[in-house]
Amino acid sequence: MPEESERPTFSARCQKYLKEAPFFCKIIELILCVISVGLIVNPFNEIPQEDINHVAIVYVSLCGFILINAIIILCHLLGDRMPKKTAMSFSVMGAILCLAAGLVLIRDWTDFPNNMISRYVEQYSDQMISSGVFAIFAAIVFAIDTYFINKYD
């Protein structure tokens, strides 16, 4: 039977879990970016966009960080560690680009063509604003991830 002194203390267990917080943040970021891209595909494909640069910003930001986070998660599961500065730069850029994508989607939602004749105008409008909100949530998680990397890595 193990003695009481061999059991890790509560604070030691919390420290161990907090060191893994960036990994869990990466999983949440990946999920939020996938949801955001999944919501925006139909509106971007069916509605003629006035500015193709907005579409590019959204797709490059979200899809780029889907790929980056998937690779980081896979490498973590294989046992590789990323240097702290590299991890922080990925998280800071993810926060900036996801925030930009979310703001672009919300701006495009405010300029949404209300005079369009389509059965799905209401659905596309809802999908566009939801995608923007999920992208902003992803940016917030990227910022939290940056904090955890800086503090506990």
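Quick note: the coordinates plus some simple rules give every number you see, no bench work behind them. Note that the coordinates shown come from a computational prediction; the quantities given were computed from them, not determined experimentally. As a convention, Cβ positions derive from the backbone with ideal geometry for all residues, glycine included, and neighbour counts pool all protein chains shown.
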222 nm [θ] for the chain, helices only, -39500 (n - 2.57) per DSSP H run of 4+, per residue, to 500? -28000 deg cm²/dmol
From the residues Pro8, Gly94, Ile68, which one has its Cα farthest along the dipole of the chain in the positive direction, the dipole being from +1 and -1 charges on Cβ of Lys/Arg and Asp/Glu about the Cα centre? Pro8
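For a quick protection proxy, order the peptides 28-38, 132-142 by their average other-Cβ count within 10 Å, most packed first.
Numbers: 28-38: 20.9, 132-142: 23.0.
Ranking the peptides 28-38, 132-142 by packing returns 132-142, 28-38.
Count charges around Asn42 for me, please; just the other residues with Cβ under 15 Å from its Cβ, Lys/Arg as +1, Asp/Glu as -1. Please list the in-between numbers first.
Values: positive: Arg119; negative: Glu46, Asp108, Glu122, Asp126.
After counting each charged neighbour, the total is -3.
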Please list the helices of the chain that count as membrane-span-like by this rule: a mean Kyte-Doolittle hydropathy of at least 1.6 together with Cα atoms stretching 30 Å or more along the helix axis, each helix being a complete DSSP H run. 52-77
Please express the Cα-Cα pair-distance distribution P(r) of segment 12-147 as a list of whole percents, one per 10 Å bin, running from 0 to the bin with the greatest distance. 13, 41, 26, 14, 6, 1, 0
For segment 24-68 and segment 118-153, distance of Cα centres in Å: 9 Å
Once both labels are modelled 7 Å past Cα along the beta-carbon direction, what's the Tyr152-Leu74 spacing in nm? 2.6 nm
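Send over the Kirkwood Rh of segment 35-79, from the inverse of the averaged 1/r over different Cα pairs, rounded to one decimal Å.
Values: mean 1/r = 0.0836 Å⁻¹.
Computed over Cα pairs of segment 35-79, the Kirkwood hydrodynamic radius comes out at 12.0 Å.
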Mind checking the log10 I(q)/I(0) for segment 70-129 at q = 0.24 Å⁻¹? Debye, one equal scatterer per Cα, no solvent, two decimals. -0.95
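Tell me the relative contact order for the chain as a rounded percent, counting alpha carbon contacts under 8 Å between residues six or more apart. Write out the running numbers ahead of the final one.
Values: 152 pairs, mean separation 60.2, N = 153.
This gives 39 percent for the chain.
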